[in-house]
Amino acid sequence: MLQDRHPEIERLARIGRTRLANTPTPLLHAPALAARLGRGVEISVKADAWTGLGLGGNKVRKVEYELDPARLTGVTHLITAGGPHSNHCRVTAAAAAHLGLGCSLVINGEPEDPARGNPRLHRLLGARIVTIADAADRTRGMAEEARRIDSAGGKALVIPIGASTARGALGYVHSLVEVHDQYHEASGPDAAPPWIFVSSSSGGTLAGLIVGCAILGWRATLVGVSPDEPAPTVRRKATELAEAAADLLDNTGDDDRPGSLQLTERVEEMGQAVLATSDFVGPGYGHDTPAGEEAIALFGALAGVILDPVYTGKTAAAMIAWIREGRVPKGAHAILLHTGGHPALFR
Ligand SMILES: Cc1ncc(COP(=O)(O)O)c(C=O)c1O
């Protein structure tokens with residue numbers, strides 16, 4: 001059993017979470033796309049767009065840990081913040097509705113059209129929208145909203161932006177363990193570790209993958225592809241969160257079996273090996289790029305996988321470019337972690 005081999009997995013199982021995600025998500029092989037690229041690199045997609053709740057995506061696994069039942073006692077409302085097209089806000093609003101809680105979303109900036117994309121879904125999920133002028137005011141906006149709920153006799157739980165906390169990152173340890181098992185089931189126990197490309201912004205998703213690899217001792221090459229910030233920032237955020245998440249697994253239980261104490265060191269080592277790129281951002285966050293559009297077209301027509309223009313399309317563009325350039329070598333296997341974001345296709 002995985003738990004017997006890795007005490008951290010047992011510790012993870014003891015950390016409270018509210019199950020919301022439809023998992024395991026499948027690992028989809030994409031041979032026609034690999035053949036079109038013609039570089040002798042196998043391609044698969046980890047379909048975390050299909051985690052289900054509120055149209056799925058990576059935020060569902062992260063929010064599960066934010067909603068530890070012990071933290072929900074007496075809670076009447078969830079509060080979070082983001083931009084008008086935030087996938088995290090959508091999933092938080094869906095979780096609140098699912099649990100019978102109220103939800104306030106502190107949104108910076110007016111959406112171009114509140115009847116389209118995520119802004120439409122935020123409203124459809126019953127969230128109260130509090131519009132603020134600037135992203136810098138998000139924390140203050142959430143605190144004010146919490147006070148308002150409190151003075152009306154309620155109790156709010158604030159979920160930090162992107163659910164990119166040490167706790168939230170734990171959700172991605174599960175995804176990594178799934179990928180590991182599915183990959184070896186499909187490619188054999190001796191298959192060389194794959195390259196895993198993932199969109200990385202607030203860093204929690206990549207952080208969970210780092211921790212998962214460190215726990216399993218799996219030397220997958222992790223590539224964080226930025227949708228916005230410079231590569232060193234993306235890498236720093238993810239590695240810091242990974243170290244904080246590892247601390248939770250080192251200190252949570254009363255189980256002192258040997259091996260678990262070195263997790264933080266193994267996470268540091270894995271973090272140093274992480275690659276990051278911001279070469280595919282283009283003119284900026286949310287702006288379409290030709291490489292992203294090509295990637296979306298290729299994955300759609302040759303793998304039946306629908307990507308989004310803000311996150312996964314640019315991640316797939318990085319993966320395709322690195323395969324074409326030979327940076328992902330012939331004979332390797334490249335996995336795109338599909339983190340969702342479909343509503344942005346309908347902005
Ligand atoms: C669809 C999608 N993919 C990837 C990411 C990046 O994930 P993280 O913030 O955990 O780095 C986000 C974050 O907003 C997202 O919405």
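The values are calculated or read from the model by the stated rules, or taken from the named source; none is laboratory data. Everything quoted here is computed from the prediction, not taken from an experiment. Every residue, glycine as well, gets a Cβ built from its backbone with ideal geometry; the counts of neighbours run over all protein chains shown. In case anyone asks, the SASA skips ligands and DNA or RNA and just uses the protein heavy atoms, side chains included. Shrake-Rupley method; radii C 1.70, N 1.55, O 1.52, S 1.80 Å.
Scanning the stretch 197-227 for residues that are over 17 Å from Met319 (Cα atoms) and over 14 Å from the mean Cα position of the chain (by Cα) yields Cys213, Ala214, Ile215, Leu216, Gly217, Trp218, Arg219. Taking the stretch 301-317 as the range and being more than 13 Å from the ligand (Cβ to nearest atom) and surrounded by 14 or more Cβ atoms within 10 Å (Cβ to Cβ) as the test, the residues that pass are Leu302, Ala303, Val305, Ala317.
Restricting the stretch 318-339 to residues that are part of a strand (DSSP E or B) and away from the ligand (no atom under 14 Å from the Cβ) leaves a set whose member that is nearest to Ala192 (Cα to Cα) is His333. In the stretch 55-71, which residue that is at positive phi and open to solvent by less than 20 Å² (accessible area, probe 1.4 Å) is farthest from the ligand (Cβ to nearest atom)? Among them, the one singled out is Gly56. Suppose we keep only residues that are open to solvent by 40 Å² or more (accessible area, probe 1.4 Å) and among the hydrophobic types (A, V, I, L, M, F, W, C) within the stretch 173-194. Which one would you say is farthest from the ligand (Cβ to nearest atom)? Only one residue tops the list, namely Ala192.
The residues on offer are Leu157, Leu121, Leu170, and the sole one that is open to solvent by less than 30 Å² (accessible area, probe 1.4 Å) and either within 16 Å of the ligand (Cβ to nearest atom) or under 15 Å from Val60 (Cβ atoms) (or both) is Leu170.
Flag set for Leu263, criterion: at pLDDT below 95, open to solvent by less than 10 Å² (accessible area, probe 1.4 Å) and among the aliphatic types (A, V, I, L, M). The one condition from (1) assigned to a helix (DSSP H, G or I); (2) of a type in the set (S, T, N, Q); (3) buried (at least 18 other Cβ atoms within 10 Å of the Cβ) that Thr233 does not meet is (3).
Report yes if Ala30 is under 22 Å from the mean Cα position of the chain (by Cα), within 14 Å of the ligand (Cβ to nearest atom) and open to solvent by less than 30 Å² (accessible area, probe 1.4 Å), otherwise no. Judged against the criteria, Ala30 is not a match.
I'm trying to understand the selection: among the residues of the stretch 86-113, which are assigned to a loop (DSSP other than H, G, I, E, B) and within 14 Å of the ligand (Cβ to nearest atom)? Selection gives Ser86 alone.
Of all residues in the stretch 195-210, none satisfies the criterion of being part of a strand (DSSP E or B), open to solvent by 30 Å² or more (accessible area, probe 1.4 Å) and within 16 Å of the ligand (Cβ to nearest atom).
Of all residues in the stretch 169-186, those that are farther than 16 Å from Leu222 by Cα, part of a helix (DSSP H, G or I) and over 9 Å from the mean Cα position of the chain (by Cα) total 5. Selection of the stretch 273-307 for residues being over 20 Å from the mean Cα position of the chain (by Cα) and part of a helix (DSSP H, G or I) yields Pro290, Ala291, Glu293, Glu294, Ala297, Leu298, Gly300, Ala301, Leu302, Ala303. Against the numbered list (1) assigned to a loop (DSSP other than H, G, I, E, B); (2) at positive phi, Pro189 comes up short only at (2). In this structure, Pro84 does satisfy being in the same structural domain as Gly141 (by TED's automatic domain parsing), touching a helix residue (DSSP H, G or I) at 6+ places or on another chain (Cβ under 6 Å), over 16 Å from Arg167 (Cβ atoms) and open to solvent by 10 Å² or more (accessible area, probe 1.4 Å).
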